[in-house]
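Scroll down for the structure; my scribbles are underneath it.
Every number in this text was worked out from the coordinates using simple rules, so none of it is lab data. The structure presented is a predicted model; accordingly, all values stated were derived computationally and were not measured. Reconstructed Cβ throughout: ideal geometry from the backbone, glycine too, with neighbour counts over all protein chains shown.
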Amino acid sequence: TVAKPNFYVKSLIAGTDTLTSRRLAGIDRIMLPNHNNHLTFTFGFISFSNQDIFLRYRIAPESEWILTTQRTLQFFSIAPGSYLLELQYSLDNTRWTTAFRPVAFEIDAPWWMKWYTQLGALLFFLLMGYSYFRYRQSIYKQRNHYLSIINTHQQKLIQSEIETLERERNRIARELHDGVGT
């Protein structure tokens, strides 16, 4: 029988924080702020019978396995979300065995991607749109008010002009009537 290799975590550098295997043992999930989204995972193994061990890893259950020969895994600029770093080994490249407990970590979203920021921005733009609508509505009301004043004034002018013309016609009619009769 071939002895199984003994894997151990040397360090996990998450952003500016370094976690050793002792500190990792009590942590279920590592929370990282969005500006500390670089991860360096260093591990080792002890194997007296076989140094040609095949390794593969993935950082999400839905992602593909990546074969590696390195004992340091580096991830730069990881997008916000939840991840699960899994490492497996194989002695024959057919049967894979989990090297150690998967490491769960989460990258926090930046402030502009948080739901409350987006909701605040949406409310701000809705308020600005409503304010603009009310402003335009008040301009239209004011314009209609001025137009109604001008219309009323023009109607009064036309009415007074019609009355003046009517009086002048009546005067001319009276003079013609009085002049014909004499």
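Numbers for the structure displayed
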quantity: Dipole of the stretch 89-165, positive end: most advanced residue of ALA104, GLY129, LEU91 [Cβ charges, Cα centre]; calculated: GLY129
quantity: Neighbour net charge for LEU84 - beta-carbon separation under 15 angstrom, K R +1, D E -1; calculated: -1
quantity: Sequence-distant residues sharing a close amide H with PHE100 (under 5 Å, placed H); calculated: LEU87
quantity: The stretch 134-140 - phi-based ³J(HN,Hα) in whole Hz, Karplus 6.51/-1.76/1.60, Gly and Pro as x; calculated: 5, 4, 4, 5, 5, 5, 5
quantity: Cα-based shape type of the stretch 38-119, given that a ≥ b ≥ c are square roots of the gyration tensor eigenvalues and the cut on a/c is 1.5; calculated: prolate
quantity: Among (i) 42, 18, 16; (ii) 25, 23, 12; (iii) 95, 16, 9, the entry that matches semi-axes √(5λ) of the Cα gyration tensor in Å as calculated here; calculated: (iii)
quantity: Taking the stretch 6-101 and dividing mean pair separation by its residue count, relative contact order in percent (alpha carbons under 8 Å, at least six apart); calculated: 27 percent
quantity: Charge dipole (debye, nearest 20) of the chain; +1 at Cβ of Lys and Arg, -1 at Cβ of Asp and Glu; calculated: 400 debye
quantity: ³J(HN,Hα), Karplus 6.51/-1.76/1.60, whole Hz, each residue of the stretch 118-123, x for Gly, Pro; calculated: 5, 5, x, 5, 4, 5
quantity: Computed helical MRE - 222 nm, the chain, DSSP H runs ≥ 4 contributing -39500 (n - 2.57), nearest 500; calculated: -14500 deg cm²/dmol
quantity: Derived scalar couplings ³J(HN,Hα) [the stretch 78-90; Karplus, 6.51 cos²θ - 1.76 cosθ + 1.60; whole Hz; x for Gly, Pro]; calculated: 6, 5, x, x, 9, 9, 9, 7, 10, 10, 10, 10, 8
